[in-house]
Amino acid sequence: MRFWGWLIAYVAAVWLDLAALSLFPAGSPAPSVFLVLTITAGLLRGPFTGMATGVVLGLTADLVSGRLIGLGALTAAIVGALAGLVARRVFRENLTIVAAVSLLLSGLWSIAYSGGAWLFGVPFHPGRAFVAIGLPVGIYNSVLVPVLYALGFRRFGQLDPAAGGERLRVGGEWDG
Amino acid sequence: MTAWTRHRHTLLGVLAVVVLVAMAGLTAYFREDISAVERRVLEALSPVQRAATETGRSIRAFWVSLGELRHLHEENSHLRAQVEELLGKAPRLDDLEQENARLRAMLAFAPPAEFEALAARVIGRSMSNWFSTVEIDKGSTDGVTVNTVVVTQRGLVGRVVRVTGRTATVLLLTDPQSGVGAVVIRSREPGVVLGTTSFEDTCAMRLFSRDADVVRGDAVLTSGLGDVFPSGLHIGQVVETSRSDQGLLVTATVSPAVDFGRLEEVFVLCPRGG
């Protein structure tokens, strides 16, 4: 039963990502639902969940794109893990902080991806990639992540930093 | 507690990094064939991609109609009731009308003599912000192979870089890994049109001669040099020229003839008898 739940969630994520991408012309920056989900998972459930979400969703995007398979997964995993680590150290009840973290991590993701691609000989310039891709995607994400985060926070609660990252049920109350 | 239990997450992380970096290195460039895993993922996601793209198009059409409704509301308040009534039908009718106009234009398209034009529909864009590719609904069962050229009646779109049974991935002219042999039609100056690394909707034409005669407004066609693109396909128009590397290289910025933002139907040029 749990498997089917995850499978449905996965297909829904793919569908949402593709639908969001199709709203924008090919080659132009579009919101990355996969990155939004990865950052939110990291913020809500900690570094390991963020990393695992990044690997699964990033690898899907890589396999569909067909180039640099693994780099998208790796960079998304780093972003997911960092989101989880950051979540343990910042005041996450404030959605402005969540938005700022999303913007920062998206920028970092664009630099990491383009830098990695450049190392493999693909002509991406990290600085230009940050301006052309990282910044717009970061702005989209800084709007979308807080919305999803607030919904997830109500549903799943948050990690308790004092309990070493164990889940803490908040009881459906949003106290931001 | 065993060492595995204690360091499980670290070990899994390191293993994942090694595997992913190795895979990225092996797939940094285009391959002649794709792996079975990629083929299965692409074929499994193809219906999802098609449905998601249709959803996106419907949302876009609805958004456009909302803008029109607002305009009409301000100018013609007495027509509000009529507009409300038509609102449900308008997006679909607009969509059909535009599709009809596009298909009529496509009927007038004559491919180069050595090719047959196979009409295909764009079913989605790349699932990545990093690459300028689109997926089309024709694949190897329709005779599409890697490096098959894709055009519209306006000009060159790109080439096929990956094929499954029923779909193909088309690398657009604007992709940073795209390169097309080209010639300026007025002066016959040869060069190569490259996708830009600044993720813009223009291309850069590197001219081979440092005294190249190229000016704003010049039309650029494929030169036919190389094995992939036939000569004479319209690439676009020069919008800017510049010199770089101590004045040794002349580069022209080319605006593609094809509007990649509105790419819905294309022609795949399959060699006759091949």
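Can you find even one residue in the range B:128-143 that is touching a Cys at 6+ places or on another chain (Cβ under 9 Å), at pLDDT 70 or above, β-branched (Val, Ile, Thr) and surrounded by 15 or more Cβ atoms within 10 Å (Cβ to Cβ)? Let's see the steps before the verdict.
Taking the range B:128-143 first, the residues touching a Cys at 6+ places or on another chain (Cβ under 9 Å) are B:142-143.
Right, trim to at pLDDT 70 or above and you get B:142-143.
Filter once more, keeping what is β-branched (Val, Ile, Thr): none.
The answer is no; no qualifying residue exists.
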Which numbered condition B:Asp175 misses (of (1) open to solvent by 40 Å² or more (accessible area, probe 1.4 Å); (2) closer than 18 Å to B:Phe260 by Cβ; (3) within 14 Å of chain A (Cβ to nearest Cβ)):
(1)
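Test B:Asp94 against the stated conditions and say whether it is more than 10 Å from chain A (Cβ to nearest Cβ), modelled with pLDDT under 80, surrounded by 12 or more Cβ atoms within 10 Å (Cβ to Cβ) and within 30 Å of B:Ala168 (Cβ to Cβ).
Numbers: more than 10 Å from chain A (Cβ to nearest Cβ): yes; modelled with pLDDT under 80: yes; surrounded by 12 or more Cβ atoms within 10 Å (Cβ to Cβ): yes; within 30 Å of B:Ala168 (Cβ to Cβ): yes.
Spelling it out, B:Asp94 is indeed more than 10 Å from chain A (Cβ to nearest Cβ), modelled with pLDDT under 80, surrounded by 12 or more Cβ atoms within 10 Å (Cβ to Cβ) and within 30 Å of B:Ala168 (Cβ to Cβ).
Find the helices (runs of 4 or more DSSP H) located wholly in the range A:1-119 whose residues include 1 or more that are touching a Phe, Trp or Tyr at 6+ places or on another chain (Cβ under 9 Å), surrounded by fewer than 24 Cβ atoms within 10 Å (Cβ to Cβ) and aromatic (Phe, Trp, Tyr), and list them. So that I can check it myself, show each step before the final result.
Values: elements: A:2-22, A:33-45, A:47-65, A:71-87, A:95-119.
In the range A:1-119, A:95-119 are the helices (runs of 4 or more DSSP H) which contain 1 or more residues that are touching a Phe, Trp or Tyr at 6+ places or on another chain (Cβ under 9 Å), surrounded by fewer than 24 Cβ atoms within 10 Å (Cβ to Cβ) and aromatic (Phe, Trp, Tyr).
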Hey, among B:Val146, B:Val170, which residue is within 14 Å of chain A (Cβ to nearest Cβ), among the aliphatic types (A, V, I, L, M) and surrounded by 23 or more Cβ atoms within 10 Å (Cβ to Cβ)?
B:Val170
Subset of the range B:4-24 (residues that are at the interface with another protein chain (Cβ under 7 Å from one of its Cβ atoms), farther than 14 Å from A:Ile69 by Cβ and at pLDDT 85 or above):
B:Val17
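The values are calculated or read from the model by the stated rules, or taken from the named source; none is laboratory data. From a predicted model like this one, the values you see are computed outputs, not experimental measurements. Neighbour counts run over all protein chains shown; Cβ positions are idealised from the backbone, glycine included. Note: accessible area is taken over every heavy atom of the protein model, side chains too, but ligands, DNA and RNA are not part of it. Shrake-Rupley method; radii C 1.70, N 1.55, O 1.52, S 1.80 Å.
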